[in-house]
There are 2 protein chains.
Amino acid sequence: MKAVFFDMNETLLNLSVLKKQFDKHFEDKYVLKYWFTKLLHNSTVMGIVGEYKNFGELAEAALENLFYENSKALSQETKSEILGAFKKLPAYDDVRPALELLKENDVRAIAVSNSSLAMIEEQLSNAGIIELFDAWYSVDAVSRYKPFNDIYQYAAQQASLHVRDIAMVATHDWDLFGAKKAGLTTAYISRKKELFHPLYSKADYYDSNLSELLLQII
Amino acid sequence: MKAVFFDMNETLLNLSVLKKQFDKHFEDKYVLKYWFTKLLHNSTVMGIVGEYKNFGELAEAALENLFYENSKALSQETKSEILGAFKKLPAYDDVRPALELLKENDVRAIAVSNSSLAMIEEQLSNAGIIELFDAWYSVDAVSRYKPFNDIYQYAAQQASLHVRDIAMVATHDWDLFGAKKAGLTTAYISRKKELFHPLYSKADYYDSNLSELLLQII
């Protein structure tokens, strides 16, 4: 394997810290999951009808809807606070050692995300791991979200790699489903209690520790 | 307008009665919305990667995941109870008079749903409104869910209608977004407190009463 593509939100970065922000406004523990799932559905709908708005715009629209549904006002300050926290997610503890393991083995680390390039750079910088990445690509370049195959193929081309030399790492079964269809090897990192969708293509590798997962791949 | 296409779940049929079933097992009020939104995301993912499983199978898989996430056992009995309730959703009070209004005006009423044909027939029969429909079509025929344009075009062809003579009625902004792209007139029926997605194409008509909405169209 010459390179590993990493999904970012939830895979490398701990989305659950956003929960504190949501807890300030909502009691329901499912609100964060609902917001993020709706955001993902919005992103697939955009691709299906052939339009595109960037992930930040979609995240903001989904947030506005969430507050509206709950008859709560969403001030500019609260919006900035929540979306700002999204840019400052910490990396999971196992991320740095795993990325260093790749370096030692001359395997490239590449971030491939639904977020914009600017957002990817902010997130990786804030998490203190940007220097461990060889490259990063945003779906902005292809104007279609994961799991459309465009982004996996685009990132492979840009990095001058054949898909057979790339493993995609994500904690989202649907991201791996798309990567698999695009010809990549796939590796699932478990980050929370959730079933890998029984009707999606299985991943090639599974683990709940990132270094252990990468050791299986390389 | 020669025909009105109706979405079914949430649009004609009251999904909130499913809430009683979910309330038996979960405390969070967002669990039903989370389950349904995840199910919708699953359905779009399938189309994006070029595979297909019917809506009942996807609904069941999403239910299994929900119980697993909460470390709860899902017995065959509970599963049948919840999915059985899904087949017995009541029609909203404004549905029958609205369908009768169409009959009086010689406008065809056609159900167009993500559900299978068998499920559509069960749902419409159980809701006591099947005799008011001229036809019904399932995405099963095209193996791609809404809002892919296939189903809107297929249903129009099957009914020997030009898309300019059809209005799509739904309470889902994404369904209307797809129908609009396919060339249909679109009409949004508000069923719960929710924002029409500000980044989706606007609907041609809006109302919170179905007859009032149809009077705008015909």
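Give me the residue from the range A:189-212 that is among the aliphatic types (A, V, I, L, M) and more than 17 Å from the chain's Cα centre (by Cα) and, out of that set, surrounded by the fewest Cβ atoms within 10 Å (Cβ to Cβ).
Of all residues in the range A:189-212, those among the aliphatic types (A, V, I, L, M) come to A:189, A:195, A:199, A:203, A:210.
Applying the additional criterion that residues be more than 17 Å from the chain's Cα centre (by Cα) yields A:195, A:199.
Numbers: A:Leu195: 14, A:Leu199: 16.
Ranking the qualifying residues of the range A:189-212, first place goes to A:Leu195.
Based on this model, can you work out whether B:Asn149 counts as surrounded by fewer than 23 Cβ atoms within 10 Å (Cβ to Cβ) and polar (S, T, N, Q)?
Details: surrounded by fewer than 23 Cβ atoms within 10 Å (Cβ to Cβ): yes; polar (S, T, N, Q): yes.
It is true that B:Asn149 is surrounded by fewer than 23 Cβ atoms within 10 Å (Cβ to Cβ) and polar (S, T, N, Q).
Have a look at B:Lys19, B:Lys2 and point out the one that is in contact with an Asp or Glu (Cβ under 8 Å, 6 or more places away or on another chain) and charged (D, E, K, R).
Details: B:Lys19 fails: in contact with an Asp or Glu (Cβ under 8 Å, 6 or more places away or on another chain).
After applying the criteria, what remains is B:Lys2.
Could we say that B:Asn65 is modelled with pLDDT of 95 or more and farther than 18 Å from A:Ile48 by Cα here? It would help to see each step written out before you state the result.
Numbers: modelled with pLDDT of 95 or more: yes; farther than 18 Å from A:Ile48 by Cα: yes.
For B:Asn65, the condition - modelled with pLDDT of 95 or more and farther than 18 Å from A:Ile48 by Cα - is met.
Here's the yes/no breakdown for (1) over 17 Å from the mean Cα position of the chain (by Cα); (2) buried (at least 21 other Cβ atoms within 10 Å of the Cβ):
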position: B:Ala118; (1), (2): no, no
position: B:Ala135; (1), (2): no, no
position: B:His162; (1), (2): yes, no
position: B:His172; (1), (2): no, yes
position: B:Ala187; (1), (2): no, yes
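What are the residue pairs meeting all of these: first residue in the range A:119-133, first residue within 26 Å of A:Leu58 (Cα to Cα) and touching a residue at least 40 places away in the same chain (Cβ under 8 Å), second residue β-branched (Val, Ile, Thr) and part of a helix (DSSP H, G or I), Cβ atoms under 6 Å, and 6 or more apart or on different chains?
The qualifying pairs are A:Leu124/A:Ile130.
Among B:Gly128, B:Gly183, which is the only one that is surrounded by fewer than 23 Cβ atoms within 10 Å (Cβ to Cβ), among the small types (Gly, Ala, Ser) and within 14 Å of chain A (Cβ to nearest Cβ)? Explain how you work it out, then say what you get.
Numbers: B:Gly128 fails: within 14 Å of chain A (Cβ to nearest Cβ).
Going through B:Gly128, B:Gly183 in turn, the sole match is B:Gly183.
Within the range B:47-61, track down each residue that is surrounded by 22 or more Cβ atoms within 10 Å (Cβ to Cβ) and either more than 17 Å from the chain's Cα centre (by Cα) or over 22 Å from B:Asn126 (Cα atoms) (or both).
The answer is B:Ile48, and nothing else.
Considering only helices (runs of 4 or more DSSP H) fully contained in the range B:30-97, which possess at least 1 residues that are touching a residue at least 24 places away in the same chain (Cβ under 8 Å), within 14 Å of chain A (Cβ to nearest Cβ) and not hydroxyl-bearing (Ser, Thr, Tyr)? Spell out the reasoning first.
Numbers: elements: B:31-49, B:55-69, B:76-86.
Filter on the range B:30-97 gives B:31-49, B:55-69.
Would you say A:Lys103 is of a type in the set (Lys, Arg), over 17 Å from the mean Cα position of the chain (by Cα), assigned by TED's automatic domain parsing to the domain that holds A:Lys33 and over 25 Å from A:Ser143 (Cβ atoms)? Quick ask: steps written out before the conclusion?
Working: of a type in the set (Lys, Arg): yes; over 17 Å from the mean Cα position of the chain (by Cα): yes; assigned by TED's automatic domain parsing to the domain that holds A:Lys33: no; over 25 Å from A:Ser143 (Cβ atoms): yes.
So A:Lys103 does not fit the description; no.
Only one of B:Ile120, B:Ile82 is within 23 Å of B:Met46 (Cβ to Cβ) and assigned by TED's automatic domain parsing to the domain that holds B:Asp23. Can you tell me which? Show your work before the answer.
On the way: B:Ile120 fails: assigned by TED's automatic domain parsing to the domain that holds B:Asp23.
Of B:Ile120, B:Ile82, the one residue that is within 23 Å of B:Met46 (Cβ to Cβ) and assigned by TED's automatic domain parsing to the domain that holds B:Asp23 is B:Ile82.
What do you reckon, is A:Leu18 more than 8 Å from chain B (Cβ to nearest Cβ) and part of a helix (DSSP H, G or I)?
Working: more than 8 Å from chain B (Cβ to nearest Cβ): yes; part of a helix (DSSP H, G or I): yes.
It is true that A:Leu18 is more than 8 Å from chain B (Cβ to nearest Cβ) and part of a helix (DSSP H, G or I).
Against the condition aliphatic (A, V, I, L, M) and either surrounded by fewer than 24 Cβ atoms within 10 Å (Cβ to Cβ) or in contact (Cβ under 8 Å) with a residue 60 or more places away in the chain (or both), how does A:Leu176 come out, does it pass?
Numbers: aliphatic (A, V, I, L, M): yes; either surrounded by fewer than 24 Cβ atoms within 10 Å (Cβ to Cβ) or in contact (Cβ under 8 Å) with a residue 60 or more places away in the chain (or both): no.
Considered against the rule, which asks whether it is aliphatic (A, V, I, L, M) and either surrounded by fewer than 24 Cβ atoms within 10 Å (Cβ to Cβ) or in contact (Cβ under 8 Å) with a residue 60 or more places away in the chain (or both), A:Leu176 comes out as no.
Within the bounds of the range A:100-113, is there any residue that is modelled with pLDDT of 95 or more, over 23 Å from A:Leu39 (Cα atoms) and polar (S, T, N, Q)?
Going residue by residue through the range A:100-113, those that are modelled with pLDDT of 95 or more are A:100-113.
Subset that is over 23 Å from A:Leu39 (Cα atoms): A:100-110.
If we keep only those that are polar (S, T, N, Q) as well, we get A:105.
Yes, some residue in the range A:100-113 is modelled with pLDDT of 95 or more, over 23 Å from A:Leu39 (Cα atoms) and polar (S, T, N, Q).
Name the single residue, out of those in the range B:106-116 being touching a residue at least 40 places away in the same chain (Cβ under 8 Å) and farther than 24 Å from B:Ala85 by Cβ, that is nearest to the chain's Cα centre (by Cα). Before you say what the answer is, go through the steps one by one.
First, pick out the residues of the range B:106-116 that are touching a residue at least 40 places away in the same chain (Cβ under 8 Å): B:107-116.
Subsequent filtering for residues that are farther than 24 Å from B:Ala85 by Cβ retains B:107-110.
Details: B:Val107: 20, B:Arg108: 18, B:Ala109: 14, B:Ile110: 12 Å.
The extreme case among them is B:Ile110.
Any idea which of A:Ser75, A:Ser71, A:Ser43 is more than 23 Å from B:Trp35 (Cβ to Cβ) and of a type outside the set (D, E, K, R)? Give the steps one after another, and end with the answer.
Details: A:Ser71 fails: more than 23 Å from B:Trp35 (Cβ to Cβ); A:Ser43 fails: more than 23 Å from B:Trp35 (Cβ to Cβ).
Exactly one of A:Ser75, A:Ser71, A:Ser43 is more than 23 Å from B:Trp35 (Cβ to Cβ) and of a type outside the set (D, E, K, R), namely A:Ser75.
Tally the residues that are within 19 Å of A:Thr11 (Cα to Cα) and in contact with a helix residue (DSSP H, G or I) (Cβ under 6 Å, 6 or more places away or on another chain), restricting the search to the range A:150-165.
Going through the range A:150-165, the residues within 19 Å of A:Thr11 (Cα to Cα) turn out to be A:151-152, A:155.
Cutting the leftovers down to in contact with a helix residue (DSSP H, G or I) (Cβ under 6 Å, 6 or more places away or on another chain) gives us A:151-152.
Total meeting the criteria: 2.
The values are calculated or read from the model by the stated rules, or taken from the named source; none is laboratory data. No experiment lies behind these values; they were computed from the predicted model shown. Note that we place each Cβ from the backbone using ideal geometry, even for glycine, and neighbour counts take in every protein chain shown.
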